[in-house]
Amino acid sequence: MKSFGTAIGWDSSMMRYFVTFLAFFILLADPVQAAEQLNPVDIKEWNVPDAGRSRDPFAVNASSVWFVDQGGSYLEHLNPLTGKIKRWALEDEPGPHNLIVGSDGMVWYSGNLSAYIGRFDPRSGKIDKIKMPNGTPRDPHTLVFDKSEKHIWFTAQHGNVVGRLTLASRKIDVIKMQT
């Protein structure tokens, strides 16, 4: 008895292409099931009490995830191993947009509504605020460290600028961008 490929005149490489195409088509028919079979994922969720607008989690390690609550003006910490959430209120209601955590454990957040970048020390609870030069940009947005953690780069929501905070001096440079 001839194989399907031989019967229709295909060599072995054409048959491999057909089988690959057929497998791809089958996977597309149910991508969720295909993804589960290829890479099973266990998703765990935690309820954030009185969440206003929780966003932008920063995973330090398996037991430490920081995030902000933009609508409620909080910094929050989740220990995924215990489910415990700790919250720090930002009294000046700066509408934090995101946060990043340095290798020293310091939490830096964007004071999006108050024209500053905040540095929070979780051990002492102390907050330092680095104001934007002349209040511009008024809405620092998304923070990222450079590789050396000597600078924080950021954007502004409607400011057409990119900014750089030098951590050692607390100096902020603002670079205007085209619209």
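The values are calculated or read from the model by the stated rules, or taken from the named source; none is laboratory data. The shown structure was predicted, so the numbers you read here are calculated from the model rather than taken from an experiment. All Cβ positions, even for glycine, are placed from backbone atoms using ideal geometry, and neighbour counts span all protein chains on display. Side chains are part of the model used for accessible areas, which takes the heavy atoms of the whole protein and leaves out ligands, DNA and RNA. Shrake-Rupley method; radii C 1.70, N 1.55, O 1.52, S 1.80 Å.
Tabulated data for the structure shown
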{"read-out": "Considering residues of region 151-176 that are over 14 Å from residue 110 (Cα atoms) and among the hydrophobic types (A, V, I, L, M, F, W, C) only, the residue surrounded by the fewest Cβ atoms within 10 Å (Cβ to Cβ)", "value": "168"}
{"read-out": "Residue among 103, 148, 110 that is buried (at least 20 other Cβ atoms within 10 Å of the Cβ) and not aliphatic (A, V, I, L, M)", "value": "110"}
{"read-out": "Residue within region 103-122 that is modelled with pLDDT of 95 or more, part of a strand (DSSP E or B), of a type in the set (Asp, Glu) and within 30 Å of residue 46 (Cα to Cα) present", "value": "no"}
{"read-out": "Conditions (1) part of a loop (DSSP other than H, G, I, E, B); (2) open to solvent by 30 Å² or more (accessible area, probe 1.4 Å): number failed by residue 96", "value": "(2)"}
{"read-out": "Residue 138 part of a strand (DSSP E or B), of a type in the set (D, E, K, R) and surrounded by 14 or more Cβ atoms within 10 Å (Cβ to Cβ)", "value": "no"}
